[in-house]
Amino acid sequence: MKLINGKTIAATVKSEIANEVKTMIDAGRKTPHLVAVLVGTDSASETYVAAKERACKEVGFTSSVYKLSENITEKELLKTIELLNNDEGVDGYIVQLPLPKHIDTNAIISAIDPKKDVDGFHPQNVGRMVMDMPCFLPATPAGIITLLERSNIETEGKNCVVVGRSNIVGTPVSILLSRNSKKANCTVTLCHSRTKNLKEICASADILIAAIGKAEFITADMVKDGAVVIDVGIHRVNDNSEKGYKIVGDVKFDEVAPKSSFITPVPGGVGPMTIVSLLNNTLKAAKKS
Ligand code: GUN
């Protein structure tokens, strides 16, 4: 079993981005600027946004956070979106999800200027991704592809099973891995809450991607010997340790790791790569602006 160290791979990609930023600035270009819009006080969202800010500093980007009240109306949030769309000092921005229930997430995402949509969530970017046209790729799926590529994991012709069909991870990663490309060319099965024989399907995977959002859902009996296991989940579960909790993924790591050829840890696997993909998209946006 080999651990796929997302932290190390992310550090390498970040140093490549930092070098590009330096070259841009030396050439008289402005510093790339990423904005995160954070609505409310969801603690997981606050943690993600703080990590994104730290990463921006590491590569030499400017970063700002717009902290907005949980009670903001959809109309007011749309005004902020318009402001960001028209602000030439902003190269790219993200609206951290989930949004409060009274806000229509799709209406907000659709209002983002696709040229600044560094999350790759706008319907125009999603459509272009499906059609294999230039676009901003969603960060977590792009991070997974980079992890596989930089770990020299062969994907061509492999059976890939994705568990979870979210717009952010499961659906786009299933599309990207089935593309006709050296980095992909998998035969992909997308499983979800209504899938029959989930255990058998998972156990047929050469590459298993767990993005179901349930703590330690994937157990050893669902994994083929020698499979590559990519764990997208991150959960805080209470335990008897000094801290009172531990961080786990969607995979029961201790029993699955010995069966797998490669596996991502949680934390330190997919998470750092998601942020790196966002930085890559912001750099791309800044180069175009
Ligand atoms: N919430 C969980 N993952 C993401 C992400 O990649 N982007 C945004 N905007 N919100 C998220």
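The values are calculated or read from the model by the stated rules, or taken from the named source; none is laboratory data. These numbers were taken from a predicted model, which means no experiment stands behind them. Here the Cβ positions follow ideal geometry from the backbone for every residue, glycine too, while neighbour counts run over all protein chains shown. Protein only, heavy atoms only, side chains kept; ligands, DNA and RNA dropped before computing areas. Shrake-Rupley method; radii C 1.70, N 1.55, O 1.52, S 1.80 Å.
The table below lists the values:
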| item | result |
| --- | --- |
| Whole-Hz couplings from phi, Karplus 6.51/-1.76/1.60, listed for segment 222-236; x for Gly and Pro | 9, 10, 6, 4, x, 6, 9, 10, 10, 10, 8, x, 8, 9, 9 |
| Per-selection Kirkwood Rh - segment 147-244 (Cα, Å, 1 d.p.) | 14.1 |
| Relative contact order (%) - the chain, alpha-carbon pairs under 8 angstrom, separation at least six | 21 |
| Residue-normalised accessible area of the chain, expressed per residue, 1.4 Å probe, Å² | 49 |
| Accessible-area composition of segment 223-271, carbon plus sulfur, in percent [1.4 Å probe] | 48 |
| Gyration tensor (Cα) of segment 90-155, equivalent ellipsoid semi-axes in angstrom | 25, 14, 11 |
| Solution diffusion estimate, µm²/s, Stokes-Einstein, the chain, Kirkwood Rh from C-alpha pairs, 25 °C, viscosity 0.890 mPa s | 125 |
| Pairwise FRET efficiency - Asp87 versus Thr219, Cβ, R0 = 30 Å, nearest 0.05 | 0.05 |
| Solvent-accessible area, 1.4 Å probe, carbon plus sulfur percent, for segment 77-175 | 52 |
| Qualifying aspartates and glutamates (Cα of each under 18 Å from Cα of Lys252; at least 8 residues distant if same chain) | Glu200, Asp206, Glu216, Asp221, Asp225, Asp231, Asp239 |
| Lysine-lysine proximity count for segment 45-104, Cα under 25 Å, sequence distance 8 or more or distinct chains | 9 |
| Prolate/oblate/rounded label for segment 1-53 (Cα gyration tensor, a/c 1.5) | oblate |
| Alpha-carbon Debye profile of segment 58-202, log10 I(q)/I(0) at 0.11, 0.17, 0.21 Å⁻¹ | -0.52, -1.04, -1.28 |
| Tensor-based shape of segment 235-287 (alpha-carbon gyration tensor, a/c under 1.5 rounded, otherwise prolate or oblate) | oblate |
| Debye, to nearest 20: dipole size of segment 168-289, +1 on Lys, Arg Cβ, -1 on Asp, Glu Cβ | 740 |
| By average C-beta atoms within 10 angstrom, highest first, the peptides 77-87, 164-174 | 164-174, 77-87 |
| Solitary cysteines of the chain, where the nearest other Cys Cβ is not under 4.7 Å | Cys56, Cys135, Cys191, Cys202 |
| Segment 192-287 shape via C-alpha gyration tensor axes, a/c threshold 1.5 | oblate |
| Student exercise, the chain dipole from Lys, Arg, Asp, Glu Cβ charges, in Debye to nearest 20 | 360 |
| Helix 74-86 vs. the chain, principal-axis angle (Cα, 0 to 90°, nearest 10) | 70 |
| Computed over segment 193-289: relative contact order in percent, which uses C-alpha pairs under 8 Å that are six or more apart | 26 |
